[in-house]
Amino acid sequence: MKNEVKEKLDIIADVWNDYIWDNKFCRNQINFSPEAQSNYFGDILSYFYDTFDIIYKKKNGIEHAENFASHISFLQAIYVQQDFIEEMLILFKTNIIKGDLKQDLNYSINREIRNELVGHPFRKIEGRVISSTVFGYERSPGTIAYLRYHTDNDFKCEIIEVEIEEIIQRHSAFLEMYFDIIIQKLKSVLKLYWEQLDEVKKKIDTVSFESLLKIISQKLKPFLENTFLYDEKSIMEVYKRRNEHERYSVVYDSFLSDLQKRIVELQENCISVFSTFTGVEDHIERQPINADINLIKIPLKIKAETKKVYYHYELGKLSTNRQPREFDHFSNILKAKSENAIVIHELERMRNHLYNDVEYFCSYKLIRKILNEDT
C-alpha cells in the first residue's frame with residue numbers, strides 16, 4: 001500500500017516542481033495564492049514522506065509505554081495527512097471541501113478514533129461532559145485498545161479494540177482516492193499547457209521577435225532564465241546585432257533551435273510524467289517529432305590514420321572561469337591546438353570582454369561552432 005501511495009505522491013511532486021512552481025500559465029490553473037509562493041507545498045510533501053514510515057512500518061512494541069507512544073504518533077500522523085489532503089484539494093482547485101471529506105467513511109472513522117484518543121480524550125460541550133477515553137493495557141502491537149465512557153451509553157464503560165491494519169487500509173484508500181483526483185486535475189492542467197506550447201511553436205516564425213519573447217516569458221519563463229544570453233535583455237541585444245557578425249547570428253539561431261527542442265521535450269514530458277499512473281487515459285495526442293531536431297549525422301567513412309583533436313576540456317573551463325590568469329592559461333592551450341585565425345581572434349575578444357556576457361559568450365559560441373564542439 002505504501003508504495004502505491006508514494007508513487008502517486010511522486011507524480012504530484014514532479015508536476016509541481018517541473019511545471020507549476022515557476023510557470024505562470026500553470027499557476028493560473030490552480031489556486032496559486034501568495035501563500036503558495038512561499039512553497040509551503042514543499043513542506044507538505046516533506047511531511048508526507050517523513051511520516052509514511054510512522055504509518056506503514058510494522059509496530060513491534062512490547063511494553064505499554066512503547067505501544068502508547070507508537071499509537072499516538074501513528075494516529076496523529078494520519079490526522080495531519082488528512083489535513084494536508086484537504087489543503088491540497090484546495091490548492092489544486094478540485095472543488096472538494098472539508099464537508100465532502102466528512103462524508104467519506106475512510107476519513108471520518110479514522111479521524112474520530114484519533115479525536116477520541118489524542119485530540120479530545122476528555123470532551124465537553126457547553127460545560128457538559130460528553131465523553132472520556134483512556135488507553136487500555138492491551139499489549140498487542142497490532143491493536144489499539146481503549147476504554148470509553150460516553151453520554152450516549154450512560155457513561156458505562158465500553159472496551160474498544162481497533163485493528164491497526166484496518167486503520168491503515170482505510171487511510172490508504174483515502175489517500176489513493178484523493179491523490180487520483182489531484183492527478184486528474186494536473187493532467188487537465190498539463191493538457192492545456194501542451195496546447196499552449198503548440199501555439200508557441202506555431203508563432204516562432206509568425207510573430208515579431210519582441211512579441212515572441214513576451215509569449216515565452218508567459219509560457220516558458222525558465223527557458224529564458226536558465227541559459228547564458230537567453231534572458232530577455234541579452235537575447236534582444238543579440239537579435240538586433242544578428243546581421244552584424246556571425247558570432248551573434250550563431251547565438252540567435254541556437255536560441256530558436258533550443259526553443260523548439262525545449263518545447264518538444266516539455267510536450268513529451270507532459271505525457272510521460274504520468275507514465276506510472278494507471279488512472280484514466282490522457283487525451284493528449286503525441287505528434288511526430290521534427291526529424292531535423294533529432295537527426296544525428298553519422299560519417300560514412302572514418303580514416304584510420306586521422307586523429308581527432310578535442311577541445312571540450314579547454315572550452316569547458318572557459319565557459320565557467322573568467323578570472324584573467326585562468327583565462328590566459330586555457331585560451332593559450334586552445335590557440336596552440338587550433339591555430340585557426342578566427343578562433344584566435346574571438347579568444348582575444350573574449351579576453352577583452354571578460355565581464356560582458358553578451359560579447360564573451362557570443363564569441364565563445366562561435367568558437368564552439370568552428371571547432372565542431374557545439375552541442
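Annotations for the structure displayed:
- Tail beyond 13 Å, pair distance distribution of segment 330-375 (Cα, percent): 50
- Two-site label geometry, Ile342 and Ser272: point separation in nm, points 7 Å out along Cα→Cβ: 3.4
- Distance between the pseudo-spin-label points of Leu256 and Ser73 (7 Å out from Cα toward the beta carbon): 6.1 nm.
- Percent RCO, i.e. relative contact order, over segment 8-110, from Cα pairs under 8 Å lying at least 6 residues apart: 25
- Across all directions, the shadow cast by the convex hull of segment 76-171 built on its C-alpha atoms averages 7.3 square nanometres.
- FRET efficiency estimate (nearest 0.05) - Cβ-Cβ, Asp50 to His120, R0 25 angstrom: 0.45
- Most mobile of Arg262, Arg351, Arg128 in a GNM of the chain (Cα contacts under 10 Å): Arg128
- Pairwise label distance in nanometres, Ile204 with Phe155, each label 7 Å out on the Cα-Cβ vector: 7.8
- Compactness of segment 1-98 as Cα Rg over 2.2 N^0.38 Å, two decimals: 1.28
- At 1.567 mPa s and 4 °C, Stokes D of the chain from Kirkwood alpha-carbon radius, µm² per second: 50
- Cβ-Cβ FRET estimate between Leu147 and Val80, R0 fixed at 30 Å, reported to 0.05: 0.75
- Candidates Leu89, Leu354, Leu175, ranked by Gaussian network fluctuation over the chain, Cα under 10 Å, top entry: Leu354
- Rg and Dmax of segment 134-246, both derived from C-alpha coordinates alone, stand at 30.4, 92 Å.
- Dipole magnitude of segment 79-194, debye to nearest 20 (Cβ charges: Lys/Arg +1, Asp/Glu -1, about Cα centre): 460
- Loop-located chymotrypsin sites (Phe, Trp or Tyr not before Pro) in segment 155-214 (DSSP state not H, G, I, E or B) with no more than 15 neighbouring Cβ atoms inside 10 Å: Phe155.
- With contacts taken as Cα pairs under 8 Å at a separation of at least 6 residues, the chain carries a relative contact order of 15 percent.
- Between the beta carbons of Glu265 and Asn95, assuming R0 = 35 Å, the FRET efficiency works out to 0.65 to the nearest 0.05.
- Quotient of the Cα radius of gyration of segment 190-275 and 2.2 N^0.38 Å, N being its number of residues: 1.13.
- Springs join every pair of Cα atoms under 10 Å in this Gaussian network model of the chain, and among Val264, Val80, Val162 the largest mean-square fluctuation is at Val162.
Any read-out appearing in this document is the output of simple, stated calculations on the displayed coordinates, not a laboratory observation. All figures in this text were calculated on a predicted structure; none of them were measured in a lab. Don't worry about glycine lacking a Cβ; one is built from the backbone with ideal geometry, like all the others, and counts go over all protein chains shown.
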